[in-house]
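The values are calculated or read from the model by the stated rules, or taken from the named source; none is laboratory data. Bear in mind the structure is a predicted one, so any value in this text is a computation, not a measurement. Cβ sites come from the backbone with ideal geometry, for glycine too, and all protein chains shown count toward neighbours.
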Amino acid sequence: MLTSKENEMLTRVSPGQPAGELLRRYWLPVGVACELSAENPTQVVRILGETLVLFRDKRGRVGLLDDRCSHRGASLCYGRVEERGIACPYHGWLYDTKGNCLETPAEPPASKFHLTVKHKSYPVQKVAGLYWAYLGPEPAPLIPNFDIWFRKDGRRKIFIQPQLDCNWFQAMENSMDPAHLEILHQITAEPGRPIENSTRGLTDDVSSFDFYEVPYGLMKRRTYKNGMVDEHPVIFPNILRQGNSAQIRVPMDDTHTKVYFVRFFPAEDGTVAENDEPPWNIFALTKIRLTRCILMPSSAWIWCRRKTTWRGRLKVRSPIGHENA
């Protein structure tokens, strides 16, 4: 069990906190690309304890800025998107995608005051139908060339879980837990299979659990009594790879997490898909009714309800969608 001090170190994600500084060294998703459009050009982003605005200017360039204007703190999410960037709704200070202040309308015409203003901004890249941001020190690393992000012989779909009211580490701990599949997901792991003992679920199918290090993280392994071996890579620090899908746990702040699922569907004939713009969905609330109880087959339901070393950080929330793990 973690000590309180260890728990604080792993779950605090604001600037200057150990986990926050670590996570800022990685590219993290901040939005679904197809959500940002000419009709809806701004979006509030809550990530690593910061509130930012993701926007697309009228030239199609995408930026990520501190949501609070450098002048009087008005929310830029309500700003006017223009050819050169986004203008504050209060006094019209205009920023480009790099955070450069291009105009301060109330200053005298010859004023160069705007040249003294530099607004907080972060680099953004579009990969696999998502906008990714890097919040750490320069130089920014490359986004890893994982096959699910870059394969061309198929299509991708994006799924978003409703907000999790727990810290990112609690959700990520589930990725390393090999035993819950046979209990929590016993109804959906093998649909139609009769369950003889719901207490043990499918546990007796497994002969052993194991873990080993790989260059990109850890591998968890289940060996079944029938000889089948099931392995799931956990990509450091916040991604679970399962089959042709990846689950990305993104800390919003110390007590809330957003989860992006990217699923790749290979073309049966290997045809290259050009201009893949993945559709996206939000996982719906699900319940499976049993004889005398309701089983909510979602790890997220457990993350947001249990009380472990993450005490004091959880709120009760409705059960949310299903994924195996």
I want to confirm something. Restricting to the stretch 213-233 and keeping residues that are under 25 Å from the mean Cα position of the chain (by Cα) and loosely packed, with under 10 Cβ neighbours inside 10 Å, which single residue is farthest from Asp177 (Cα to Cα)? Pro215
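Yes/no matrix, rows are residues, columns are (1) part of a loop (DSSP other than H, G, I, E, B); (2) in the same structural domain as Lys258 (by TED's automatic domain parsing); (3) farther than 20 Å from Pro279 by Cβ:
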site	(1), (2), (3)
Glu8	no, no, yes
Pro15	yes, no, yes
Ala19	no, no, yes
Leu22	no, no, yes
Asn40	yes, no, no
Can Glu196 be described as closer than 16 Å to Gln242 by Cβ and acidic (Asp, Glu)? no
Any residue that is of a type in the set (A, V, I, L, M) and without any contact (Cβ under 8 Å) to a residue 40 or more places away in the chain - is there at least one of those in the stretch 142-162? yes
Inspect all residues belonging to the stretch 53-67 and state whether any of them is outside the structural domain of Asn275 (by TED's automatic domain parsing), without any contact (Cβ under 8 Å) to a residue 12 or more places away in the chain and surrounded by fewer than 18 Cβ atoms within 10 Å (Cβ to Cβ). yes
